[in-house]
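Here's the structure we're looking at; comments come further down.
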Amino acid sequence: MKIILVDSQNAALAPWLMGYLGAELNAGDRPVRRVIPVRPNCFVQIILGGDHLMIDVESGERVPAPRVGLFGPLSHYRYDMEISGPFRTFSARFQPAAAGQLFGVDPVAMVNRVMAIGLPSGLYDALDTAPDWGAMAELADRWIAMLCEGRFGEDPVARAARMLREAQGQLGIKELCEESGLSMRHFQRRFRQLTGQNPKHYARVCRVSHAVHMKELQPDLSWTAAAFEAGYSDQSHFIRDFKGLTGILPRDFLRFQTPIERYPRWRG
């Protein structure tokens, strides 16, 4: 799968938006199945070509992904995706606390879920016919700016969640709490209200998802090295966290899966 990262050109959207992602894959005659690892943030995926199924690894249920869907955070390994034929999508990657504020949904209810949403009139067709990924990002910037109208500043706990994600889970919860000016009890409650997860579990999701992403991009990288990059100094601790979130040992998680090609290349 080829992944193209595109930055927003509107710096004012940073408290809510991480950026954009284009994805292309030609699966050919045989369906391609890929694991969907844990993730701390939500995103909107817009399918511009082809289709894919979401396979619930717990129940075995196979559900078509919506043409335009809001995907919540994944607190544990829950879904695989199955792609057939040529496939093209454009996604807006939101900050961990953005979904509830911008789409009026309950962040707790969105964990491990996807829901179909609508786009402003004409936006889907404009994205579909845009000449390149950068032009798509310009169109999406205008849409998200409309969603953000009237929102000023960043909630201190939302900022803590963003900082924790950007640090791949490698910041102290106590220090983030103190910076927010709240008691630990109120910080933890507000954190869950905004992100759907408690801070400690969220930090584990950030660390494990970072290790998985490193391995997807660099298949020859050992899991030991990926764990070290994610902040684990103890391999047994990494394996315990990994199995706790996925139910699978690291060596078995991405077996037989083709690597992701990401542009720009990995920046750390």
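List every residue whose amide H lies under 5 Å from the amide H of ILE117, counting only residues 5 or more places away in sequence or on a different chain, with H placed 1.01 Å from N in the peptide plane.
Hits under the 5 Å cutoff: VAL68, GLY69, LEU70.
Please give every one of the lysines within straight-line cross-link reach of LYS215, meaning a C-alpha to C-alpha distance under 17 Å, and leave out same-chain neighbours fewer than 8 residues apart.
Of all the lysines, those that pass the test against LYS215 - Cα under 17 Å, at least 8 places apart if same chain - are LYS2, LYS243.
Based on the Kirkwood radius over alpha-carbon pairs, what is the Stokes-Einstein translational diffusion coefficient of segment 2-147 at 37 °C with 0.692 mPa s viscosity, in µm²/s?
209
I'd like the Karplus ³J(HN,Hα) series for segment 239-247: coefficients 6.51, -1.76, 1.60, θ = phi - 60°, whole numbers in Hz, and an x wherever there's a Gly or Pro.
These are the phi-based 3J(HN,Hα) values: 4, 5, 5, 4, 5, x, 8, 10, x Hz.
Would you mind getting me the FRET efficiency between LEU123 and ARG255? Use the beta-carbon distance for r and R0 = 30 Å, nearest 0.05.
Efficiency, from the Cβ-Cβ distance: 0.20.
Test of the criteria: in segment 36-90, which GluC sites (Glu not before Pro) are in a DSSP loop and have at most 13 other Cβ atoms within 10 angstrom of their Cβ?
Filter output for segment 36-90: GLU58, GLU61.
Want the number for ALA14 to GLU178: 0.36 nm per residue separation, take away the alpha-carbon distance, what's left?
Taking 0.36 nm per residue and subtracting the Cα distance, the gain is 56.8 nm.
Taking the alpha-carbon set of the chain, what are its Rg and Dmax in Å?
Cα radius of gyration and Dmax of the chain are 18.2, 56 Å respectively.
Where the centre of each part is set by its Cα atoms, how far does segment 46-113 sit from segment 180-259, in angstrom?
Here the answer is 19 Å between Cα centres.
Compute the relative contact order of segment 208-257 as a whole-number percentage, counting only Cα pairs closer than 8 Å that sit 6 or more residues apart in sequence.
Value for segment 208-257: 30 percent.
Which ³J(HN,Hα) values, rounded to whole Hz and listed in residue order, are derived for segment 145-160 from phi using the Karplus coefficients 6.51, -1.76 and 1.60 in 6.51 cos²θ - 1.76 cosθ + 1.60 with θ = phi - 60°, glycine and proline given as x?
Each residue of segment 145-160 in turn: 4, 5, 5, 8, 4, x, 9, 10, x, 10, 3, x, 7, 4, 5, 4 Hz.
P(r) for segment 176-263, please, calculated from all Cα pair distances in 5 Å bins and given in %.
In whole percents, the pair-distance histogram is 3, 14, 21, 19, 14, 13, 10, 5, 2, 0.
With each label point set 7 Å from Cα along the Cα-Cβ vector, what nm distance links ASP29 and ASP56?
3.4
Would you kindly derive the ³J(HN,Hα) couplings of segment 15-26 from the backbone phi angles with the Karplus curve 6.51 cos²θ - 1.76 cosθ + 1.60 (θ = phi - 60°), listing them in order in whole Hz, with x for Gly and Pro?
Those phi angles translate into x, 10, 10, 7, x, 10, 9, x, 9, 9, 7, 10 Hz.
For every helix of n ≥ 4 consecutive DSSP H residues, a contribution of -39,500 (n - 2.57) applies; sum these over the chain, divide by its total residues, and give [θ] at 222 nm rounded to the nearest 500 deg cm²/dmol.
Theoretical 222 nm ellipticity from helices: -11500 deg cm²/dmol.
Here, each number is a calculation from the coordinates, and none is a lab measurement. Only a predicted model underlies this, so the values are computations on that prediction, with no experimental measurement involved. Here Cβ is always computed from backbone atoms with ideal geometry, including for glycine, and neighbour counts include all displayed protein chains.
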